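The values are calculated or read from the model by the stated rules, or taken from the named source; none is laboratory data. These numbers were taken from a predicted model, which means no experiment stands behind them. Backbone-built Cβ (ideal geometry, glycine too); neighbour counts: all protein chains shown.
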Amino acid sequence: MKKITFLALFATILTSYGQKYGDLIKKADSSYEVKNYTISTAFFEKAFKTKPELKENFYNAACAASLANDKKNSLKWLEIAINNGFDNLNHINTDSDLDNVRNEKKFNKIISDLQKKTELVEAKYDKPLQKELLEILKEDQEIRNQYFSAQKKYGYQGKEMDSLGKIMVLKDSLNLKRIVKILDEKGWAGKDVVGQQANQTVFLVIQHSNLKIQQRYLPMMREAVKKGNANSDSLALLEDRVALREGRKQIYGSQVGTNPVTKTQYVLPLEDPDNVDKRRAEVGLDPLSDYVKFWNIVWDIDQYKKDLPEIEKMSKQKN
């Protein structure tokens, strides 16, 4: 009887949240965070039915379903995730979220097929370059994880934050020198040369650099995207950063500022707000209304256009 009551209540909860893909994914992620894995799985399933053409979030869904002991959906979604580019074999093999399906025959077949595919692909990799880029990625992410963890504990100021900030600046400087050398000697190495993670390292380091460096390598990244050697959504973030630093409006709305008085976040000056979602879709980004929810921003185009003169004023004062 409890099970029937729970399912009836559960169906009501799902219906009340509407049909938007982004909203459903957010609810799925939130349910996962509080360990409501069955609810999380159901939200993922409803999201995928809402927009079956989208191929994102399937790996996270596979993890939630595994933890909910929904082996059928977990294995189905894991296979979809892999077929659409999630090829981090080491992560899959060590992710405890998938332990409930690890002994299933289908799981072993999925991993065996991925292993064979990975070996064929990696046989063509520039192994020394891949290793160096992954080392840089580790350096880049480790110090940032330390910094953000300390920020939660100590706030934005204090000796701890100052010390970590200086270490991060130093590491960024050293990593940038290595990346610049790689770019100047070998160009923008594609995923087919160094793999997905190592390929993304170049963008991560460049986006942390100064305007002069970003301007220097932005054209190279544009060419890399055209050739399939870099991600179009990452390029969009760099385009926005450079535009704002040059005193222009951003194109995709990826950059967010903080109001110094209210401490609330807002979308920094944006070109042609009415068509921003069209531009975002062209580079594989979610609608802006979904993206800005992370900062608790409610996207209202008409209100934004009214506020834009004040937003531009705040942005100039900050620069």
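General observations
- Hey, Glu135 part of a helix (DSSP H, G or I), modelled with pLDDT under 95, surrounded by 13 or more Cβ atoms within 10 Å (Cβ to Cβ) and charged (D, E, K, R) or not: yes
- Scanning the range 266-282 for any residue that is within 30 Å of Asp184 (Cβ to Cβ), in contact (Cβ under 8 Å) with a residue 24 or more places away in the chain, part of a helix (DSSP H, G or I) and among the hydrophobic types (A, V, I, L, M, F, W, C) turns up nothing.
- Leu244 vs. criteria buried (at least 19 other Cβ atoms within 10 Å of the Cβ) and either touching a strand residue (DSSP E or B) at 6+ places or on another chain (Cβ under 8 Å) or assigned to a helix (DSSP H, G or I) (or both): yes
- In the condition set (1) in the same structural domain as Lys191 (by TED's automatic domain parsing); (2) closer than 21 Å to Gln200 by Cβ; (3) surrounded by 12 or more Cβ atoms within 10 Å (Cβ to Cβ), Ala150 is compliant with all but (2).
- Conditions (1) in a helix (DSSP H, G or I); (2) closer than 30 Å to Val180 by Cα; (3) of a type outside the set (Asp, Glu); (4) more than 23 Å from the chain's Cα centre (by Cα); number of the one not met by Lys305: (2)
- Screening Ser254 on (1) hydroxyl-bearing (Ser, Thr, Tyr); (2) buried (at least 19 other Cβ atoms within 10 Å of the Cβ); (3) not in a loop (DSSP other than H, G, I, E, B) shows it passes everything except condition (3).
Here's the yes/no breakdown for (1) modelled with pLDDT under 90; (2) surrounded by 11 or more Cβ atoms within 10 Å (Cβ to Cβ):
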site: Val261; (1), (2): yes, no
site: Val276; (1), (2): no, yes
site: Leu288; (1), (2): no, yes
site: Phe294; (1), (2): yes, no
site: Ile301; (1), (2): no, yes
site: Met314; (1), (2): yes, yes
